[in-house]
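Some notes on the structure that comes next.
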Amino acid sequence: MQPRLPRHGLARVLSKRGICSRTEAARWIADGRVRVAGRVVRDPEHPTAADVAIAVDGIVLATPAPIHLMLNKPRGLVTTASDEQLRDTVYRCLDDAGLPWLAPVGRLDKASEGLLLFCNDPAWAARVTDPASGPDKTYHVQVDAIPDAALLALLEQGIDVDGTRLRAKSASLLRAGSKNAWLRIVLDEGRNRQIRRLLAAFDMQVLRLVRVAIGDLALGGLAKGAWRLLTSIEVEGLVSTGKRFQPRTDTDKHG
C-alpha cells in the first residue's frame, strides 16, 4: 500500500507549484476560479495533496520545471510579493522576464542589498535556509566606526539582545578610512536584522550592508538589479556540502 502524501492548504500548494503567491492564490480560490480534482473549492486552507489535479479558469496546471536564480538586490526594495504600504518590491527586477512565479529564498531587508536567491523549488529552498545545514552567508558591511581586533572578537563571541544570542561566525576588517570601515561578516544562522542588531549592541551604526556570497555562490560582477539563472552545479553545490563551502571573495563587489 502506497503511503499517503502529506496535505497542505490549497493556497499553499498553488504557491509551492510556482503558480503565484499564496495571497494571490487565496483570492483566486475565493473567487471560485480553482478546481481540485474537478470540483470548485473556495477555501484557501482546503487540505490538498501536492500531486492532485488542479485547474485554474478551466486550465489544468502543469508543474513547471524547477528554476533557481540569483538577483543583485538594490537598496530600497522590500523582499515581498506585494506591500501594504505600496513600496517597490524585489519583483520589480523580474518584471517582463517571462518567468513562472518564484519565491525568495530567505530575505534582505529594505536597506540591505546584494545576493538574493529565488526559486519555485520549495524543498531546495528549505535546505538552503536550514540553519543547521545550510550554507553560510557572507556580508560586506560599512560601519560608522573603526573596530579594533578586540571588538571584532566580541562580535564573534556574541551578545544577548532582547533574550536572543546574536553573534557572527567570523568578523574581520576589510579596510578602514578616517571615520568608518568596511567589515567582512559571516553568519551561519539567519535571524531578523541580525547584523544590524548585533552591531548596534556594540554602538556601531550600519551605513551600508551588502550580502556578497551564500556558501560558494558569490555575487561577483552581477550588476545592480540584474539577475541570472544558476547553473546545475551551483544549485547542487548550495545544498550538497552546506557549511563546508568557503565563499570566493576575490570578485566580490561592495561599491
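No lab work stands behind these numbers, since they all come straight from the coordinates. On a predicted model such as this, the values are computed, not experimentally measured, just so you know. Glycine gets a Cβ as well: all are built from the backbone with ideal geometry, and neighbour counts include every protein chain shown.
Report, please, the projected area of region 1-81 averaged over directions, based on the convex hull of its C-alpha atoms, in nm².
Projected over every direction and averaged, the Cα hull of region 1-81 covers 7.0 nm².
In the chain, what percentage of the DSSP-assigned beta bridges are antiparallel, given to the nearest 5? Could you put the intermediate results ahead of the total?
On the way: 47 of 50 bridges.
Here the antiparallel bridges make up roughly 95 percent for the chain.
Go through S232, L115, T129 and say which Cα lies farthest out towards the positive end of the charge dipole of the chain; charges sit on Cβ, +1 for Lys and Arg, -1 for Asp and Glu.
T129
For I233, I214, what ranking results if the residue with the fewest other Cβ atoms within 10 Å of its Cβ goes first?
I233, I214
About its Cα centre, what dipole magnitude does region 7-60 give when the only charges are +1 on Lys and Arg Cβ and -1 on Asp and Glu Cβ, stated in debye to the nearest 20? Don't skip to the answer; put the middle values down first.
Numbers: 10 positive and 6 negative charges, 16 e Å.
Rounded to the nearest 20 debye, it is 80 debye.
Using only the alpha carbons of region 145-234, determine the length spanned along each of the three principal axes and report them from longest to shortest in whole angstroms.
Principal extents (largest minus smallest coordinate, Cα): 40, 34, 20 Å.
Return a whole-number percent for the relative contact order of the chain, with Cα pairs under 8 Å and 6 or more residues apart as the contact set. List each step's numbers first, then the result.
Values: 511 pairs, mean separation 47.4, N = 255.
Taking the mean separation of contacting Cα pairs over the length of the chain, I get 19 percent.
Just want the ordering: S172, S232, S112, from fewest to most Cβ atoms lying within 10 Å of their own Cβ.
Working: S172 14, S232 9, S112 23.
With the fewest neighbours first, S172, S232, S112 line up as S232, S172, S112.
When M70, M204 are ordered from fewest to most other Cβ atoms inside 10 Å of their Cβ, what list results? List each step's numbers first, then the result.
On the way: M70 24, M204 21.
If I rank by nearby Cβ atoms, fewest first, I get M204, M70.
Given the chain, what count of lysine pairs have C-alpha atoms under 14 Å apart, with each pair 8 or more places apart or on different chains? Mind dumping the intermediate values first?
Details: K73/K110; K73/K224; K73/K253; K137/K169; K137/K243; K169/K243; K224/K253.
So the count of such lysine pairs works out to 7.
Among T79, C93, V105, whose Cα lies farthest out toward the positive end of the dipole of region 1-110, if unit charges sit on the beta carbon of Lys, Arg (+1) and Asp, Glu (-1)?
Of the options given, the answer is V105.
With each pseudo-label sitting 7 Å past Cα toward Cβ, what's the R87-V161 distance in nm, one decimal?
The two pseudo-label positions are separated by 1.7 nm.
Once you have all Cα-Cα distances for the chain, histogram them in 10 Å bins from zero and send the whole-percent values.
7, 27, 30, 21, 10, 4, 0, 0
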